[in-house]
1. Considering only residues of segment 34-92 that are part of a loop (DSSP other than H, G, I, E, B) and of a type in the set (D, E), which is least open to solvent (accessible area, probe 1.4 Å)?
2. Taking segment 106-131 only, how many residues are open to solvent by 30 Å² or more (accessible area, probe 1.4 Å) and in a loop (DSSP other than H, G, I, E, B)?
3. Quick check on A26: is it of a type in the set (G, A, S), out of contact with any Gly (no Cβ under 8 Å at 6 or more places or on another chain), over 26 Å from E114 (Cα atoms) and open to solvent by less than 40 Å² (accessible area, probe 1.4 Å)?
4. Given (1) part of a strand (DSSP E or B); (2) more than 28 Å from L33 (Cα to Cα); (3) in contact with a Pro (Cβ under 8 Å, 6 or more places away or on another chain); (4) not charged (D, E, K, R), identify the lone condition not met by P137.
5. Say whether the condition of being free of Cβ contacts under 8 Å to residues at least 12 places away in the same chain and surrounded by fewer than 19 Cβ atoms within 10 Å (Cβ to Cβ) is met by at least one residue in segment 93-105.
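The values are calculated or read from the model by the stated rules, or taken from the named source; none is laboratory data. Please read these numbers as outputs of a predicted model, since none were measured by experiment. In this analysis, Cβ positions are derived from the backbone assuming ideal geometry, glycine residues included, and neighbour counts consider all displayed protein chains. When the accessible area is computed, the model is the full protein with side chains, heavy atoms only, and any ligands, DNA or RNA have been set aside. Shrake-Rupley method; radii C 1.70, N 1.55, O 1.52, S 1.80 Å.
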Amino acid sequence: RQPVDRIAAAVCAGLGDLGENYVQAARTIHPLLEQRLRDHFAGAPTPTPRWRMIGHLQRNKAAQALEVFRSVDTVDTIRLARALSGRALAAGDVVDIYPQVNLSAAQSKSGCSEDALAESLADCASLPGVPLVGLVPMPSPGPTPRSPPPPFPPSRSLPAPLPPPPRRPHSPHA
């Protein structure tokens, strides 16, 4: 965890995206950061960082997540993508999604398998309010908890590159 002043300094220096692992932590720091930036800029245009969910997200926290995050980089199931879609539509908002792909077939890793990827991407692409922006590959675990993971396996079986996300009007959370 970083102090609000350190995060504000990074945003003032040009950092545009902020990642957080936990919904509650983001919900706590978000208003503090907004206030700190408003105070610092005293009426001048205030930079608005884009919050990215980078930790595991449970479906039951989708509504809370959308209060802060503009991107969920850890969509591990179509059920989560559907929950985010429903919540985004209900709020009249949009949140970018990045499905996880389990490249190792390891049970310890989240995400869809390479075999199910094409179907999963088609399902996600059909959901309103959650543009499919990219993929998050999940490599094999290393031999020990402290060792780096082995190199990513070839991903020739992955679908062609994703289309660019649709342009959308400015959101208050942009």
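1. Among residues in segment 34-92 that are part of a loop (DSSP other than H, G, I, E, B) and of a type in the set (D, E), the one least open to solvent (accessible area, probe 1.4 Å) is D76.
2. So the count comes out to 7.
3. Working: of a type in the set (G, A, S): yes; out of contact with any Gly (no Cβ under 8 Å at 6 or more places or on another chain): yes; over 26 Å from E114 (Cα atoms): yes; open to solvent by less than 40 Å² (accessible area, probe 1.4 Å): yes.
Criteria met by A26.
4. (3)
5. yes
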